[in-house]
1. Collect the residues in region 221-280 that are within 30 Å of S304 (Cβ to Cβ) and either open to solvent by 90 Å² or more (accessible area, probe 1.4 Å) or of a type in the set (F, W, Y) (or both), keeping them in residue-number order.
2. Among the residues of region 16-29, how many are in contact with a Leu (Cβ under 9 Å, 6 or more places away or on another chain) and open to solvent by 30 Å² or more (accessible area, probe 1.4 Å)?
3. Would you mind finding the one in S112, S66 that is small (G, A, S), more than 30 Å from E13 (Cβ to Cβ) and not in a helix (DSSP H, G or I)?
4. Of all the residues that make up region 435-466, how many are buried (at least 19 other Cβ atoms within 10 Å of the Cβ) and either within 14 Å of the ligand (Cβ to nearest atom) or within 26 Å of L416 (Cβ to Cβ) (or both)?
5. Is one or more of the residues making up region 28-48 within 23 Å of V232 (Cα to Cα), among the basic types (K, R) and modelled with pLDDT of 90 or more?
6. What tally of residues in region 317-360 results from selecting those that are away from the ligand (no atom under 16 Å from the Cβ) and in contact (Cβ under 8 Å) with a residue 60 or more places away in the chain?
7. Filter region 410-434 down to the residues that are more than 10 Å from the ligand (Cβ to nearest atom), open to solvent by less than 30 Å² (accessible area, probe 1.4 Å) and over 32 Å from the mean Cα position of the chain (by Cα) and list them by number.
8. In region 30-66, how many are open to solvent by 30 Å² or more (accessible area, probe 1.4 Å) and in contact (Cβ under 8 Å) with a residue 24 or more places away in the chain?
Amino acid sequence: MSELNPDSLHVLEKKVLVYLRENREAELKKISAEVNLTLDQVRRSIEWLKEKNLIKIDITQKRTISLDKEGIKAVKQGLPERQLIKKLEQLGGKSELRILSHELKLSINEISAALGYAKAAKWINVKKENQQVMIHKNNETKLSELEKLLSKMKNSMDLSSFSKEDIVLLKQLSRRANYITETTMKNYNILLTEKGLKVANKTKIDNALESLTPKLLETGTWRERSFRPLNVEAPAPPIYSGRKHPVQRFIDEVREIFVSLGFEEIEGPVIQSCFWNFDALFTPQDHPAREIQDTFYIKDGISSESNSEKLSNNIANVHESGGKTGSKGWGYKWNPKLANKLVMRTHTTSVTVKHLADNIPKEARVFSIGRVFRNEKVTFKNLVEFHQIEGIVVGKEVTLRDLMGLLTKFYHKLGLKKVKFWPSFFPYTEPSLQSMVYHEGLSKWIELCGMGIFRPEVTLPLGVNNPVLAWGGGLERLVMLKYGIDDVRKLYENDLDWLRRTALCP
Ligand code: PHE
């Protein structure tokens, strides 16, 4: 660290330093009185000076015992048991309990406590005579240790001034309500460090200014004044400005990448008919993914969308017999009622296929980012509601190689360098692949998205004749890789601390 320039100190710091230069050490309150600063000003400046290692703070504690309401009374009038003995003496050394109680100016609780203590000290004997409780005073009623201590007590005494034995007695006394209280006071002794002394020796209290005001500028007097240099290394409180959620930030980043690769964004509703979510994607009507355990159905929901008769027929034919695609189809009677059911979309591929049907493109590059829903158990790696990134490329000459190249490029732009592809299966693509990236931190390959070339059973019924490269996969996984998170739920916990601290560019 560079040497500290005394000119960069705040005037409060300078005043305290210069004072300590003469005195080397002093108590906080004393500094405040002698330097003529408020306690608060001294506290602040010593915090700053400590931060710069110019001073040390030596904190000592002082514990004081002071007498409370009952304690003060006992010092004046004696302990209740002593009052009881005195009264018994006045009554001739013995008394009936009721009479004694009546004569004593004590509360019922005090009387019973006094009787208890007096009995324990063997000052009295309690006897039952003719149905009456009689209290007899014994001969030995010398001053107790406790009474001796009380007679020495002043209103406020330093705990260290008591002997070991007295401290035991104080404990006894503290068991009686409102006799004594203990308070702890902190003493702050401020000491100049070696470095502090060096800086203090060079410190002058001048009239350097803290800030430039409009007035100084207007009058031009700033030219004649000196200013305190700014310490740019001083610790400052963190400022948490409003910012986007990391998932949203990542969505923006993905969007940016696709647009830079010449893609256009498409959107679609989160509630879809089974027709778009499954049937148009050549997913058989008895496919397990369509079961209620995997897919959220809208209760009694029936699609009001009317697809052209031609399209419905084409889809029916392709499912039943393969239509004109050269495929054999699934070999069952296609049920339009099942296709009309409404679901929370399970993938964004429903948006893609509807886009193809609506636009019948010969060439296209489109992508979408949206929420999808799956009826699954929530775990560290699964959510019920998450995002997918999806896209297609349509063109006369496009091949699987283009698709692999495109995704490799996409992952590279996200900083994921080691990418590989693995054979996979989807009802709507052939061939089908799975992309994997290597996670350095976890030292393992992670599956990222599914892809392939749409089967003719998907494209031909829509009237799309050119090959369509398609891919789609979860977005949260990528966010997790980016932020080094191992539990996907973290993203939606609304943990403010994490949200504030996630770096914009990890
Ligand atoms: N829809 C698939 C999924 O949800 C991904 C996919 C999209 C696969 C397009 C192939 C083609 O996992």
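1. E264, E267, F275, W276, F278
2. Total meeting the criteria: 5.
3. S66
4. Residues in region 435-466 being buried (at least 19 other Cβ atoms within 10 Å of the Cβ) and either within 14 Å of the ligand (Cβ to nearest atom) or within 26 Å of L416 (Cβ to Cβ) (or both): 13 in total.
5. Yes, that holds for at least one residue.
6. Matching residues across region 317-360 total 15.
7. The one that is more than 10 Å from the ligand (Cβ to nearest atom), open to solvent by less than 30 Å² (accessible area, probe 1.4 Å) and over 32 Å from the mean Cα position of the chain (by Cα): F410.
8. Counting residues in region 30-66 that are open to solvent by 30 Å² or more (accessible area, probe 1.4 Å) and in contact (Cβ under 8 Å) with a residue 24 or more places away in the chain gives 14.
The values are calculated or read from the model by the stated rules, or taken from the named source; none is laboratory data. Just so we're clear, the structure is a prediction, and the values are computed from it rather than from any experiment. A quick note on method: Cβ atoms are made from the backbone with ideal geometry, for glycine too, and the neighbour counts reach across all protein chains shown. Areas reflect the complete protein model, heavy atoms only, side chains present, ligands, DNA and RNA absent. Shrake-Rupley method; radii C 1.70, N 1.55, O 1.52, S 1.80 Å.
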